[in-house]
């Protein structure tokens, strides 16, 4: 899980001094029931240009507690965990969110935290296809391929053309109202692919994580045009970096590279996509980003990880940071 005061400090302080008391939140979808365990303690916040503790979590203040049991029902189809909130889509296309709601990240029209799932009813009760959760904002795509975001918006991470936080879903209409295929939310930036295989990113850009060739934050989606305008099949966003796969299975990463999380063999941050060529130029199938580390699968079913490794998150057995992909070979090297 992500520690708030670390992730929002764009100076990227060393993680070696991470609080020992930090805990994680685990979510699972079992027989139509959402299961939550081990919440994080309240943490001070340092946002770019902001002050620490300006967004510290205050225990259970403002949280509504429900009693009784959640009745078993239709299965869950999609689940997304942010820092202190969770959202899930049920098989009928309804969207439900729960957890912290200080900035409206639950999308329920208020700022009351919830410890049971609450339905998101804007713009309609059903019709949700996929959802992703950032630090304290949420984005989701509907079955009509429209994109909606809500929650905190200090750096334009909602993509709505302003910096006003929202407690109900707001439609992202740049470059067009429809045509969105996938969405991934990082700490305070987001990236999405469209049905024409183009890639668009927006939000905070102090480390070049938008991939647009500069470090200017954007409150509307901006197209990533390197190495080409189209041909993108999937994308993931970390706290201050992004990686995406292109048709043909090539992998490209950009943004902060303090711990080698771009996988390019050095520690130079990049504001445009750079290709990962280890162990080979092509053959990448899927990927996911954590804080300062990336893991990806290849078409031969092998698993590779790189970046920050002080807690053994790379799974390579040594706890050493890696600036190129390293294969995870336990329990078996493939399959």
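Bear in mind these aren't lab numbers, they're just calculated from the coordinates by the rules spelled out. All figures in this text were calculated on a predicted structure; none of them were measured in a lab. Counting neighbours? That spans all protein chains shown, and the Cβs are built from the backbone with ideal geometry, glycine included.
Listing for the model above:
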read-out	value
Per-residue Cβ neighbour rank within 10 angstrom, fewest leading, 89, 188	89, 188
nm² value of the averaged projected area, convex hull over the Cα atoms of the range 247-335	5.3 nm²
Convex hull volume per residue in cubic angstrom - Cα atoms of the range 167-284	93 Å³
Normalised alpha carbon radius of gyration of the range 122-223 [divisor 2.2 N^0.38 Å]	0.96
For the range 154-202, fraction of C-alpha pairs farther apart than 14 Å, in %	51 percent
Computed over the range 288-327, the ratio Rg/Rh where both radii use C-alpha atoms and Rh is Kirkwood	0.94
